[in-house]
Amino acid sequence: MDLSPTGAESVLRADIRAWLVEHLPWEYGEGLPPRFDDLAEEVAFGRRWQASLAADRWVGVTWPEEYGGRGAGPTEHFLVQEELARARAPEMVGRIGINLAGPTLLAHGTADQKLRWLPNILSAEELWCQLFSEPGAGSDLAAVATRATAVDGGWVLDGQKVWTSYAQFADWGVCLARTDPEATKHHGISYLVVDMHAPGVEVRPLVQLTGEAEFNEVFLDGVFVPSDQLVGTEHEGWRVANSTLSHERGTNPRQLVIHIQLLEELLRLASANGSLEDVRLRQRLAQAYVEVRLFQLHNLRTISRLAKGLDPGPEGSALKLYWSEMSKRLHDTAMAVVGDAAPLWRGAEDNPGDGNWQRSWLYYQASSIFAGTNEIQRNIVAERVLGLPRTGAAKPADAAPSPRKVATHG
Ligand SMILES: Cc1cc2nc3c(=O)[nH]c(=O)nc-3n(C[C@H](O)[C@H](O)[C@H](O)COP(=O)(O)OP(=O)(O)OC[C@H]3O[C@@H](n4cnc5c(N)ncnc54)[C@H](O)[C@@H]3O)c2cc1C
């Protein structure tokens, strides 16, 4: 593995850095993204920011130029993400479209679907959500029970989705629904694009531990989906959903950059409040530093595979397992550094970060659940990396659990 950049990579890094110095809504290297108490305001700010990046093709770096991308490779994508993080740029508000819906459309969409949806994903003109999980289908995602009944010109959807991040702001949703109830579990599912403003779509926000309502229940009551919003082949949506996973699995620049930022902030706080002088805390901080660096190296190893045109492979599950557990350890260390202020919330006196550390600690409790739980990742590593016997091996293949491995926010 050669980690030194090529000449072209160094030029690209210098270009994005110069762009950020010019366009960042605060002084480069000085400020932080504004904090919003209202999620809707945060989303509006995120849309403006993403639109300005997209206008100069800094979003969807690996996407073809005709849809607004740069047609570049995974190394260039990674490098741009690193520079965005270094500048403390806010994360992409349209990440579900960028990371999940977009790659699926690129792989399976028709020419019309790509032209219609892809450019607006990059510019954040339209936001997307992921309508996969249901009350009875999370880890075992192929158990989806939402029905899509064929009618003239399309399907009518009836069912309920849950944990749908940003559904209240989304214009479109990628949805797994059962089009053939007679077929075996993994067959008879179709991958449909749902207009979130269509009659019959009801979004009910759910409040999380953090007090924010980022995800939702989505009720689908007689929602019409025209036939040109089917992605891939009817009844073969499971294959479409799984192909997205192979695009997404393996690297996680977003979480990498977030954790590099968190670590830098934490070391600054520890230095300011004397925690670095405490021998026990110092050990934990050193451990956090080493673990974030290891996360970076795991990412680089996968990038090097991708750059050679290889698949990231099921080892991607080990990466998710690693970073989510690393994140929880880092946040526990952060709480120890915050010390007596740990139980405080926003607005309290003598609370370093004014509640940001506490909010982040609460938020990352979810990291071992979203994008496939850690138990499921362990099953994948056990079966497909270590070659241990398959879960439910005694059952016929189609009845075995179909573990969710979706590497997105969800
Ligand atoms: C912050 C957040 C955002 C999310 N956003 C989205 C979104 O936008 N769209 C979306 O579709 N979903 C989203 N999700 C849902 C997420 O994908 C599911 O929560 C996850 O897949 C687990 O499903 P479940 O909650 O139904 O738990 P279950 O599948 O019911 O699991 C319950 C417990 O049983 C364990 N378990 C289940 N099966 C096995 C097995 N075979 N072996 C060992 N243990 C097992 C699990 O690990 C878990 O501990 C989000 C979740 C979170 C926390």
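The values are calculated or read from the model by the stated rules, or taken from the named source; none is laboratory data. Everything quoted here is computed from the prediction, not taken from an experiment. Using ideal geometry, Cβ is built from the backbone for each residue, glycine included, and neighbour counts are taken over all protein chains shown. In case anyone asks, the SASA skips ligands and DNA or RNA and just uses the protein heavy atoms, side chains included. Shrake-Rupley method; radii C 1.70, N 1.55, O 1.52, S 1.80 Å.
Points worth noting:
- The orientation-averaged shadow of the Cα convex hull for the range 260-315, equal to a quarter of the hull surface, comes to 4.5 nm².
- Distance from the range 54-82 to the range 185-199 (C-alpha centre basis), Å: 28
- Each label was represented as a point 7 Å from its Cα along the Cα-to-Cβ direction; for D56 and E30 these points are 1.8 nm apart.
- Candidate aspartates and glutamates - alpha carbon under 16 Å from K185, same-chain residues fewer than 8 apart omitted: E134, D140, E234, E236, D398
- Computed from the C-alpha gyration tensor, the three semi-axes of the ellipsoid equivalent to the range 1-130 are 23, 22, 11 Å, from longest to shortest.
- Over the chain, dividing the summed -39,500 (n - 2.57) contributions of all DSSP H runs of at least 4 residues by the number of residues returns a 222 nm mean residue ellipticity of -13500 deg cm²/dmol.
- Unit Cα scatterers, Debye sum, the range 72-133: log10 I(q)/I(0) for q = 0.12, 0.23, 0.28 Å⁻¹: -0.35, -1.05, -1.20
- Helix 237-248 axis, angle to the chain major axis (alpha carbon atoms, nearest 10°): 20
- Summarising the strand pairing of the chain, around 85 percent of its internal DSSP beta bridges are antiparallel.
- For D180 and D228, a Förster radius of 25 Å and the Cβ-Cβ distance give a FRET efficiency of 0.80, rounded to the nearest 0.05.
- Relative to the 2.2 N^0.38 Å rule of thumb, the chain has a C-alpha radius of gyration ratio of 1.00.
- Distribution of pairwise C-alpha distances over the range 34-78, 10 Å bins, in %: 28, 37, 26, 10
- Here the simple spin-label model places points 7 Å from the Cα toward Cβ, and for N374 and D2 these points are separated by 3.8 nm.
- Rh (Kirkwood; distinct C-alpha pairs) - the range 177-279, Å: 18.2
- Between the beta carbons of Y363 and L386, assuming R0 = 35 Å, the FRET efficiency works out to 0.65 to the nearest 0.05.
- Potential extension, R17-A111 segment - 0.36 nm per residue separation minus Cα distance: 30.5 nm
- Take 37-44, 361-368, 191-198 and order them by the average number of nearby Cβ atoms within 10 Å per residue, most first; the result is 191-198, 361-368, 37-44.
- When the surface is traced with a 1.4 Å probe over the full set of protein chains, I260 keeps roughly 50 Å² accessible.
- Sorted from longest to shortest, the spans of the Cα atoms of the range 307-373 along the three principal axes equal 53, 22, 17 Å.
- Length-normalised contact order for the chain - Cα pairs under 8 Å, 6+ apart - percent: 14
- Semi-axes of the equivalent ellipsoid of the range 54-164 are 30, 18, 12 Å, computed as sqrt(5λ) over the eigenvalues of the C-alpha gyration tensor in descending order.
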